[in-house]
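K.L.:
Here's a structure for you.
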Amino acid sequence: MADTPQILSELKPFIKSSWEKSGFENPTPIQLNAIPAILEGRDIIAESPTGTGKTLAYLLPLLEKINPDQKSVQAVILASSRELVMQIAEEVRVWAAGSGITAAAFIGGANVNRQLEKLKKRPQIVAGTPGRINELINMKKLKMHEVKIIVLDEGDQLMVPEHMNTVRSIVKSTKKDRQVVMFSATLPPHTEQAVQEIVSEPELIRIDRKENVNDKVDHIYFVCEKRDKIKVLEKIIRLPEIKALGFVNDIAELTILSEKLQYKGTEFGVLHGESDKVQREKAIKNLRSGQYPILLATDVAARGLDIKGLTAVVHIDLPINSEQYVHRSGRTGRAGASGTVISIVNQREEKDLKRLARDLDLEVKRKEFYKGEIVDER
């Protein structure tokens with residue numbers, strides 16, 4: 001069982017207990033930087049790569065600030081996708097165990113009356129998509145006057161034209177002394193500029209991606225002709241105990257690949273920007289349960305997706321830059337667990353992969369299959 005790290009030793013007993021049960025050892029760099037700043041009540045803008053523990057970096061200090069005896073909404077967490085909202089709500093449930101703190105999730109597309117029933121139970125933490133949260137505020141059903149903290153999770157996806165005015169409106173519905181914290185895996189200048197309008201003298205926290213390269217994750221690759229990538233992928237899918245997320249650069253490629261695998265009778269799931277809610281939920285559920293060994297996805301569709309125990313990430317199409325490589329690869333080996341990142345490249349792409357690895361100070365090893373097993377190149 002993990003001891004409570006120094007940074008968490010002053011927090012409420014239920015948080016320390018949850019940490020000890022989690023099996024985590026040391027806080028990650030983003031947690032070490034963000035937790036004290038949030039506890040001090042400062043607005044923050046934080047950038048840290050995927051898989052580095054951003055959710056706990058805001059959730060633990062947020063839980064510390066909630067008064068369980070006060071039956072009103074005290075914290076609002078906004079996220080752009082339904083999946084991410086549901087994941088956040090589940091994390092709150094796990095980490096708030098034994099505290100008396102309750103949470104509820106509110107997503108677009110869900111039955112409004114059912115969501116109003118949830119509000120009648122007076123949760124202290126609300127997680128939701130901007131459109132639905134704003135709708136509940138405008139209906140005067142979600143009262144914001146007791147809100148102490150607003151979190152923008154995956155902030156670069158929230159500070160886009162389609163959500164920006166809604167997010168601003170939600171923040172404006174709270175009192176002036178509330179705290180706003182934004183977390184993102186990438187922080188382009190336009191996002192930083194947009195969020196500056198709703199925060200007050202924010203502290204900027206940037207965690208360099210090299211600080212977060214998990215040394216328990218192996219980075220390997222196979223070289224083949226482009227047309228043979230599917231054969232390598234099939235061998236990866238047949239590996240024992242595999243639970244993988246495979247990345248393809250666009251929907252057209254994904255469709256072609258899916259048709260070929262379907263023709264061969266392979267079990268797999270698909271996730272892309274045009275998948276509807278039911279298709280998405282089924283695909284994710286079947287991967288989590290082990291019915292599918294792999295979920296094929298585009299980058300947009302996999303945004304904010306956290307699948308526990310993912311053993312591998314497969315770059316079927318090579319990422320276009322080092323940020324994308326880190327973003328995708330961070331899905332496995334989360335919070336210090338082990339995992340494997342596999343790239344399937346042709347000879348030209350091998351040079352690009354080696355350049356990405358140099359940029360990230362990573363060692364990538366060339367492998368091959370022998371009798372269905374991964375071996376060093378002979």
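What follows is calculated from the coordinates using simple rules that are stated; it is not laboratory data. Nothing here was measured: the structure is a model prediction, and the numbers come from that model. Using ideal geometry, Cβ is built from the backbone for each residue, glycine included, and neighbour counts are taken over all protein chains shown.
K.L.:
Using the 10 angstrom Cβ neighbour count as an exposure proxy, how do Ser99, Ser72 rank, fewest first? Show your work: numbers first, answer last.
P.N.:
Numbers: Ser99 17, Ser72 13.
Taking fewest neighbouring Cβ atoms as first place, the list is Ser72, Ser99.
K.L.:
Given contacts defined as C-alpha pairs under 8 Å and at least six residues apart, what's the relative contact order of region 332-378, whole-number percent? Let's see the in-between values first.
P.N.:
Working: 20 pairs, mean separation 7.8, N = 47.
Rounded, it is 17 percent for region 332-378.
K.L.:
Anyone know which of Ser329, Ser289, Ser184 comes out most mobile in the 10 Å Cα GNM of the chain?
P.N.:
Ser289
K.L.:
Per residue of the chain, what 222 nm ellipticity follows from adding -39500 (n - 2.57) for every DSSP H run with n ≥ 4, rounded to the nearest 500? Write out the running numbers ahead of the final one.
P.N.:
Details: 14 runs with 146 residues, N = 378.
Estimated from H runs of four or more residues: -11500 deg cm²/dmol.
K.L.:
Whose amide H sits under 5 Å from the amide H of Ala46, counting only residues 5 or more places off or on another chain, with H placed in the peptide plane?
P.N.:
Met182, Phe183, Ser184, Ile205
K.L.:
Then there is this: Using only Cα atoms, find the angle between the long axis of helix 54-65 and the longest principal axis of the chain, and express it within 0 to 90 degrees, rounded to the nearest 10.
P.N.:
Taking Cα atoms only, the helix is inclined about 20 degrees.
K.L.:
Something else now. Name the aspartates and glutamates eligible as straight-distance cross-link partners of Lys176: C-alpha to C-alpha under 19 Å, and not fewer than 8 places from it in the same chain.
P.N.:
Answer for Lys176, where 19 Å is the Cα cut-off: Glu40, Asp43, Glu146, Glu197, Glu201, Glu203, listed by chain and number.
K.L.:
Follow-up. What does the C-alpha gyration tensor say about the overall shape of region 213-376? Classify as rounded when a/c is under 1.5, otherwise prolate if a/b is larger than b/c, or oblate. Don't skip to the answer; put the middle values down first.
P.N.:
Working: a/c = 1.39, a/b = 1.23, b/c = 1.12.
Note, shape of region 213-376 comes out rounded.
K.L.:
Turning to a different aspect of this structure: Arranged by the count of other C-beta atoms within 10 angstrom, fewest first, what order do Ile30, Ile137 take?
P.N.:
Ascending number of Cβ neighbours within 10 Å: Ile137, Ile30.
K.L.:
Same structure again: Taking square-rooted eigenvalues a ≥ b ≥ c of the alpha carbon gyration tensor, is region 49-134 rounded, prolate or oblate, where a/c under 1.5 means rounded and, failing that, a/b exceeding b/c means prolate? Numbers along the way, then the final one.
P.N.:
Values: a/c = 2.02, a/b = 1.08, b/c = 1.86.
Since a/c reaches 1.5 but b/c is at least a/b, the shape of region 49-134 is classed as oblate.
K.L.:
Let me ask something additional. Consider a paramagnetic label point 7 Å from the Cα of Gln291 along Cα→Cβ; state which residues of region 66-108 have an amide N under 20 Å from it.
P.N.:
Correct set: 83, 87.
K.L.:
Taking 0.36 nm per residue of separation and subtracting the Cα-Cα distance, what length does fully extending Ser322 through Arg238 add?
P.N.:
Taking 0.36 nm per residue and subtracting the Cα distance, the gain is 27.4 nm.
K.L.:
Let me ask something else about it. To the nearest 20 Debye, how big is the dipole of the chain about its Cα centre, given +1 on the beta carbon of each Lys and Arg and -1 on that of each Asp and Glu? Walk me through the numbers before you get to the answer.
P.N.:
Details: 57 positive and 53 negative charges, 257 e Å.
In total the dipole reaches around 1240 debye.
K.L.:
Just going by the charge dipole of the chain, with Lys and Arg at +1 and Asp and Glu at -1 on Cβ, which of His272, Gly41, Gly108 is farthest out on the positive end?
P.N.:
Towards the positive end, the residue furthest out is Gly108.
K.L.:
Which of the pairs Lys285/Lys354; Lys148/Lys216; Lys282/Lys351; Lys16/Lys118; Lys216/Lys371; Lys282/Lys354 have their Cα atoms more than 30 Å apart in this structure? Don't jump to the answer; show the numbers that get you there.
P.N.:
Values: Lys285/Lys354 35 Å; Lys148/Lys216 38 Å; Lys282/Lys351 37 Å; Lys16/Lys118 28 Å; Lys216/Lys371 26 Å; Lys282/Lys354 36 Å.
As for pairs spanning more than 30 Å Cα to Cα, those are Lys285/Lys354; Lys148/Lys216; Lys282/Lys351; Lys282/Lys354.
K.L.:
On full extension of the chain, what length is gained from Glu20 through Lys226, given 0.36 nm per residue of separation minus the C-alpha to C-alpha distance?
P.N.:
Answer, rounded to one decimal: 69.5 nm.
K.L.:
Using the 10 angstrom Cβ neighbour count as an exposure proxy, how do His327, His315 rank, fewest first?
P.N.:
On the way: His327 21, His315 24.
By the 10 Å Cβ count, ascending: His327, His315.
K.L.:
Now for a different question. What's the angle, to the nearest 10 degrees (0 to 90), between helix 277-289's Cα axis and the longest principal axis of the chain?
P.N.:
The answer is roughly 70 degrees.
K.L.:
Tyr370 to Arg93: extension gain in nm, 0.36 nm per residue of separation minus the Cα-Cα distance? Each step should come with its number before you reach the end.
P.N.:
Numbers: separation 277, 0.36 × 277 = 99.72 nm, distance 4.50 nm.
So the extension gain works out to 95.2 nm.
K.L.:
Further question: For region 6-208, what relative contact order do you get, as a whole percent, if you take Cα pairs closer than 8 Å and at least 6 residues apart? Before the final figure, lay out each step's value.
P.N.:
On the way: 346 pairs, mean separation 58.6, N = 203.
Reported relative contact order: 29 percent.
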